[in-house]
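A.B. asks: I am attaching a structure below and will ask some questions about it afterwards.
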Amino acid sequence: MQQNRRNFLKTSGIAFGTILGSSFPVNIFSKGISNTMKSSKIQLRFHPYTLKLKHVFTIATSSRTTTPVMLTEVEYDGIIGYGEASMPPYLGESQETAAAFLSKVNLAQFENPFELEKILSYVDSIDLKNQAAKASVDIALHDLVGKMINQPWYNIWGFDKSVAPVTSFTIGIDTPEVVRQKVKEADEYKILKVKLGRETDKEMIETIRSVTDKPITVDVNQGWKDKNFALEMAHWLKERNILFLEQPMPKENIDDNAWLTEHSPLPTIGDEAVQRLPDVLKAKGVYSGINIKLMKSTGMREAYKMMLLARSFGMKVMLGCMTETSCAISAAAQLSPMVDWADLDGALLIGNDIFSGTKIIDGRVTLSTEPGIGVVKI
Ligand code: MG
């Protein structure tokens, strides 16, 4: 019986995917997989791409109209997985550093793409930092593996996609007139996100409140320098239907952030302070929750571990993004049924997306049923 099954798997590529897709029996068929694909090598390809933003994007520290990304593909046994590294300049990576890093990645040494822990540990060990470049390999491998067993990752992880949250939509810092216009254009979204951390913080909130009473989340991007001022602002914002404060003060001011979290009437979320798994432990007691982004965490595998660890500490979890195509957004969205808040508007802010996948429908994160990270190239 076993021999017959193996022979069948070896000779029937189409039926192979169909059978595995129906009930996801990876362990049952694992011998069949390794026998079938032993001669294959994992190949990695990458090429730079520049995202064009629909609006000038301004945060407390910078403004820009484009975002450089690196698109990746891993191919194994004729199946292609897609990945992406998004690299806003202030984070320190670039297409040049990503290309230099990815040139060193030799995936051909691995014969079994399912060994994600081993492969991604190797990728992580090649060099320090390069989180986005590492994420581009992680995402592509997850896409590949999901496609090999014909399942999306929310199924593999065991999440109910119908409980995926609404996403916030970011309103950038601008003149009152432009802000009012952007808020009107964002009618579909149930939660607005506002970048604060400037002299005009109260004016910004009042401008939005003059046109809508929707819940707002605020991201200070470390812009408040004094804890008493931050607490005053927290009370002021609490009166105006604000949900939480993202990275209120500089990440280095651990005691001040912890003090604010203790006294604030609004939850605090660590973003710049929380990059990878060990940072979740450091954030415990300092923030009420964490903002997980694939471009910080080195990808889906570590993001999943961060989510579980934060949950075990009773912390809130937010899922964020950079400006990204639907590739990286759809990868992050696989985790979204398990988070408190999603901020996955990155692909909505660009005018030249080349993937279709997770969509935002009526403001809600709506996962595609396609396997892997759920994207198709358009
Ligand atoms: Mg943030």
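A.B. asks: How far, in nm, would the chain grow between T212 and K225 when pulled straight, counting 0.36 nm per residue and subtracting the alpha carbon separation?
C.D. replies: Stretched out fully, the T212 to K225 stretch lengthens by 1.8 nm.
A.B. asks: Based on the alpha carbons, how large is the Rg to Rh ratio for region 272-317 when Rh follows Kirkwood?
C.D. replies: Using Cα coordinates only, the ratio equals 0.91.
A.B. asks: Further, regarding this structure: Report the extension gain between D187 and V376 in nm, rounded to one decimal, defined as 0.36 nm multiplied by the number of residues separating them, less their alpha carbon distance.
C.D. replies: 65.3 nm
A.B. asks: In the Gaussian network model of the chain, springs joining C-alpha atoms below 10 Å, which of A332, A133, A186 carries the largest mean-square fluctuation?
C.D. replies: In the Gaussian network model the winner is A186.
A.B. asks: Taking θ = phi - 60°, what integer Hz values does the Karplus form 6.51 cos²θ - 1.76 cosθ + 1.60 yield along region 208-217, in sequence order, with x for Gly and Pro?
C.D. replies: Those phi angles translate into 5, 5, 6, 10, 7, 10, 4, x, 10, 10 Hz.
A.B. asks: Along the positive direction of the dipole of region 41-150 (beta-carbon charges: Lys, Arg +1; Asp, Glu -1; about the Cα centre), which of A133, I42, T66 reaches farthest?
C.D. replies: With unit charges placed on the Cβ atoms, the residue in question is T66.
A.B. asks: On a 0 to 90 degree scale, rounded to 10, what angle separates helix 300-312 from the longest Cα axis of the chain?
C.D. replies: Between helix and principal axis, roughly 60 degrees.
A.B. asks: Return the long-range amide H neighbours of E246 (sequence gap of 5 or more, or a different chain), with a cut-off of under 5 Å between placed amide H atoms.
C.D. replies: So E246 has HN proximity to V218, D219, V220, I269.
A.B. asks: Moving on. Given Cα pairs under 8 Å that are at least 6 residues apart, what percent is the relative contact order of the chain?
C.D. replies: In percent, rounded to a whole number, it is 17.
A.B. asks: Right, another one. 7 Å from Cα along Cα→Cβ at both L281 and T66: what's the point-to-point distance in nm?
C.D. replies: The modelled label-to-label distance comes out at 4.2 nm.
A.B. asks: So, one more: What order do you get for 333-339, 79-85, 159-165 when each peptide is scored by the mean count of other beta carbon atoms within 10 Å, highest first?
C.D. replies: So the order, starting with the most tightly packed, is 79-85, 333-339, 159-165.
A.B. asks: Give, in nm to one decimal, the length gained when the segment between E203 and T175 is fully stretched (0.36 nm per residue of separation minus the Cα-Cα distance).
C.D. replies: In short, 9.1 nm is gained.
A.B. asks: OK, next. Return the long-range amide H neighbours of V211 (sequence gap of 5 or more, or a different chain), with a cut-off of under 5 Å between placed amide H atoms.
C.D. replies: none
A.B. asks: Okay, next question. No solvent, one uniform scatterer per C-alpha: report log10 I(q)/I(0) for region 156-377 via the Debye equation at q = 0.08, 0.09, 0.13 1/Å, two decimals.
C.D. replies: -0.27, -0.34, -0.73
A.B. asks: Turning to a different aspect of this structure: What pairs from K184/K282; K147/K195; K134/K182; K104/K305; K52/K104 go past 31 Å between their alpha carbons?
C.D. replies: Checking Cα-Cα distances, K184/K282; K147/K195; K134/K182 exceed 31 Å.
A.B. asks: Would you work out what percent of the accessible area of region 48-106, with all protein chains in place, is carbon or sulfur (probe 1.4 Å)?
C.D. replies: 56
A.B. asks: When all protein chains stay in place, what accessible area (Å², nearest 10, 1.4 Å probe) is found for Y189?
C.D. replies: Accessible surface of Y189 is approximately 20 Å².
A.B. asks: Which ³J(HN,Hα) values in Hz, rounded to whole numbers, follow from the phi angles of region 181-188 under the Karplus curve 6.51 cos²θ - 1.76 cosθ + 1.60, where θ = phi - 60° and Gly and Pro get x?
C.D. replies: 5, 5, 5, 5, 5, 8, 3, 5
A.B. asks: Step through the residues of region 223-230 one at a time and calculate ³J(HN,Hα) from phi using the Karplus curve (6.51 cos²θ - 1.76 cosθ + 1.60, θ = phi - 60°), rounding each to whole Hz and writing x for Gly and Pro.
C.D. replies: x, 8, 9, 10, 5, 5, 4, 4
A.B. asks: Also, quick follow-up: What are the principal axis extents of the Cα atoms in region 41-150, in Å, biggest first?
C.D. replies: Largest to smallest, the principal-axis extents are 45, 29, 19 Å.
A.B. asks: Where only protein heavy atoms count, and the probe is 1.4 Å, what is the accessible area per residue for region 284-378 in Å²?
C.D. replies: 28
A.B. asks: Percentage of Cα-Cα pair distances in region 241-324 greater than 20 Å, rounded to whole percent?
C.D. replies: 26
A.B. asks: Can you give the translational diffusion coefficient of the chain in µm²/s, computed by Stokes-Einstein from the Kirkwood radius over Cα pairs at 37 °C and 0.692 mPa s?
C.D. replies: In µm²/s, the coefficient rounds to 153.
A.B. asks: Return the Rg/Rh value of region 153-260, two decimal places, where both radii are evaluated on C-alpha atoms and Rh is the Kirkwood radius.
C.D. replies: 1.05
A.B. asks: Continuing with this model, one more query. Using amide H atoms built 1.01 Å from N in the peptide plane, name the residues 5+ places from K193, or on other chains, whose amide H lies under 5 Å from its own.
C.D. replies: Amide H to amide H, under 5 Å and 5 or more residues apart or across chains, K193 pairs with F169, T170, I171, T217.
The values are calculated or read from the model by the stated rules, or taken from the named source; none is laboratory data. This one's a predicted model, so the numbers in the text were calculated from it and none came from an experiment. Methodologically, a virtual Cβ is constructed for each residue, glycine included, from the backbone with ideal geometry; neighbour enumeration extends over all protein chains shown. SASA here: full protein model, heavy atoms, side chains in, ligands and nucleic acids out. Shrake-Rupley method; radii C 1.70, N 1.55, O 1.52, S 1.80 Å.
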